[in-house]
Amino acid sequence: MVKGELRIARKQPGCAEKAQEQIYDWALEGLQEGRHVVRLKIGDPFVFGRGGEEVLKFREFGVEPLVVPGVSAAFSAPLLGGIPVTHRGVSNQVVMCTGYGRDGTSPDLIQYHEEQTVVFLMAVGRLHELCAKLIELAGYPNDTPVGIIERAGCPDQRTLVGDLTTIAALADKYSIKAPSTIVVGKVVNVLLEDATPGEKELAGVITQAITVTSENKAVTSKSAKLDCVLFA
């Protein structure tokens, strides 16, 4: 249970910068009032979480914040979705990318390597564009497996599996939303490829049966990212 005042900045697409400034205003307000301020974040604050930026900002406020480590969704979400990001003979390297760079730009993509896993954070809103660019600009085969883990670790977690030519349409069909973690590479099918309906389940905190059709391998996930400032 939270004891104290809880304020939530909702970083929806298109308003992340405004929400970030709101967080800074709240933090400064609390510090000026002599209160304890906790900036609660999701995952690893230093992995596409603006943690470093916020440390520098709080120093401008005259405070050296204590940073508590977290586990990035780049590693925890695939695990909860039954996808190993590395696997002997399949993938020996992992690359983490963000779907949105500074000011909404699209980061440069890593060129295709057969034994490479790429994990995208905050990219589900650009899934159609991302898949097209991976094929056209980064040399990925059309049938490269893709998995999406939505709301990893939550009771309504869903995992969706397809390839670069089908995953965007499947995500639209199943209304996949942020926060979602996207995994691209052959590891996606390592634990799923031989599944038949009801035969296997996803391992992890959340367990769901895998549904397989002749057209795709899909398992049903969903969320809104919360960024919180807690005044105690």
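Say whether the condition of being surrounded by fewer than 17 Cβ atoms within 10 Å (Cβ to Cβ) and either of a type in the set (K, R) or within 30 Å of E33 (Cβ to Cβ) (or both) is met by at least one residue in region 106-121.
Scanning region 106-121, I find no residue that is surrounded by fewer than 17 Cβ atoms within 10 Å (Cβ to Cβ) and either of a type in the set (K, R) or within 30 Å of E33 (Cβ to Cβ) (or both), so the answer is no.
Would you be able to tell me the number of residues in region 79-94 that are outside any loop (DSSP other than H, G, I, E, B) and at pLDDT 95 or above?
First pass over region 79-94, keeping only residues outside any loop (DSSP other than H, G, I, E, B): 79-80, 87, 91, 93-94.
Checking which are at pLDDT 95 or above leaves us with 87, 91, 93-94.
Total satisfying the criteria: 4.
Going by the conditions given, is V67 part of a loop (DSSP other than H, G, I, E, B) and open to solvent by less than 90 Å² (accessible area, probe 1.4 Å)?
Details: part of a loop (DSSP other than H, G, I, E, B): yes; open to solvent by less than 90 Å² (accessible area, probe 1.4 Å): yes.
Yes; evaluated as a whole, the condition is true for this residue.
Would you check if there is a residue in region 42-54 being surrounded by fewer than 18 Cβ atoms within 10 Å (Cβ to Cβ), over 23 Å from I182 (Cβ atoms) and modelled with pLDDT of 90 or more?
yes
The values are calculated or read from the model by the stated rules, or taken from the named source; none is laboratory data. Every value quoted in this text rests on a predicted model; they were computed, and no experiment measured them. Glycine gets a Cβ as well: all are built from the backbone with ideal geometry, and neighbour counts include every protein chain shown. Ligands, DNA and RNA are stripped out before the accessible areas are found, and what is left, the full protein with its side chains, is counted by its heavy atoms. Shrake-Rupley method; radii C 1.70, N 1.55, O 1.52, S 1.80 Å.
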